[in-house]
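**Student:** My questions all concern the structure below.
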Amino acid sequence: MEKSKNSSRCCVYPGSFDPFTIGHHDVLERAIAMFDLVYVSVLNNAIKHPVFSVEERVDMIQRMVDAEGMKNVVVTSFDGLLVDYAHAVGARYVVRGLRATMDFEYEFQITALNLHLAPDVETVYFMARPEHSFLSSSAIREIGSMSGDITGLVPDSIHNIIAERLRKP
Ligand code: PNS
């Protein structure tokens, strides 16, 4: 993969994104405003048993990026260590969202480990908006699989794909 030419303003926004929510969307928009180039990168991790395959998630996020005309966003997937991937694409920053209370300990741990592994890769957190604090991909999977209405919880441009897929047994 081609390395970013201006590595100081390039970030990786990693996650499971199973599926991508409006909370993720908000973090992505805020990252786009701050960085020249944002890699939205889906973790390829079979251990987590995701509902959506990596290909489905990459395709879904790419559709949203295209539909909304988001500039300077590259949608990818990655295996292995996040810091190795950040080095490979020339990103010195990792972006993550932080919801009130529930994310802190986990994020504190992975940031400390990532800093240990790669002191040159800094993690930047965007505080979730209060209206997104209740939101999680797992809640969307549960609501959608029971044919509940997920409108307003996932980006409009990919709502139908997510809703249809979750309704499948
Ligand atoms: O959306 P998620 O599941 O909270 O994202 C977690 C993610 C992808 C950021 C994290 O699992 C990750 O970075 N995995 C890659 C493996 C790695 O680098 N591990 C070392 C730090 S724990």
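**Student:** Sorted by average packing, counted as other Cβ atoms within 10 angstrom per residue and highest first, what order do 18-30, 45-57 take? Don't jump to the answer; show the numbers that get you there.
**Tutor:** Details: 18-30: 21.4, 45-57: 14.5.
Put in order of decreasing packing, that is 18-30, 45-57.
**Student:** Quick check on region 22-80: take the gyration tensor over C-alpha atoms, sort the square-rooted eigenvalues as a ≥ b ≥ c, and tell me if it's rounded (a/c under 1.5), prolate or oblate.
**Tutor:** Working: a/c = 2.06, a/b = 1.73, b/c = 1.19.
It comes out prolate by the Cα gyration axes.
**Student:** Under a 1.4 Å probe, what is the accessible area of region 7-134 per residue, stated in Å²?
**Tutor:** Working: 6450 Å² over 128 residues.
For region 7-134, the solvent-accessible area averages 50 Å² per residue.
**Student:** Now for a different question. Net charge near residue 153, counting Lys/Arg +1 and Asp/Glu -1 over other residues with Cβ under 13 Å of its Cβ?
**Tutor:** Working: positive: 141; negative: 26, 131, 142, 149, 156.
Neighbour charge sum, excluding residue 153 itself: -4.
**Student:** Kindly identify the chain as rounded, prolate or oblate by the Cα gyration tensor criterion: order the square roots of the eigenvalues as a ≥ b ≥ c, call it rounded if a/c is under 1.5, otherwise compare a/b with b/c, prolate if a/b is larger, else oblate.
**Tutor:** Numbers: a/c = 1.65, a/b = 1.47, b/c = 1.12.
Prolate shape, in that a/c is at least 1.5 and a/b is the bigger ratio.
**Student:** Here's a follow-up. At 222 nm, what helix-only mean residue ellipticity would the chain give, in deg cm²/dmol to the nearest 500, using -39500 (n - 2.57) for each DSSP H run of four or more?
**Tutor:** Mean residue ellipticity, 222 nm, calculated: -12000 deg cm²/dmol.
**Student:** In addition: Considering only protein heavy atoms and a 1.4 Å probe, what is the carbon-and-sulfur percentage of the accessible area of region 74-161? Numbers along the way, then the final one.
**Tutor:** Numbers: 2920 of 4950 Å².
Answer for region 74-161 is 59 percent, counting heavy atoms of protein chains only.
The values are calculated or read from the model by the stated rules, or taken from the named source; none is laboratory data. Please read all numbers here as calculations on a predicted model, not as lab measurements. Neighbour counts run over all protein chains shown; Cβ positions are idealised from the backbone, glycine included. Note: areas computed on protein heavy atoms with side chains; ligands, DNA, RNA excluded. Shrake-Rupley method; radii C 1.70, N 1.55, O 1.52, S 1.80 Å.
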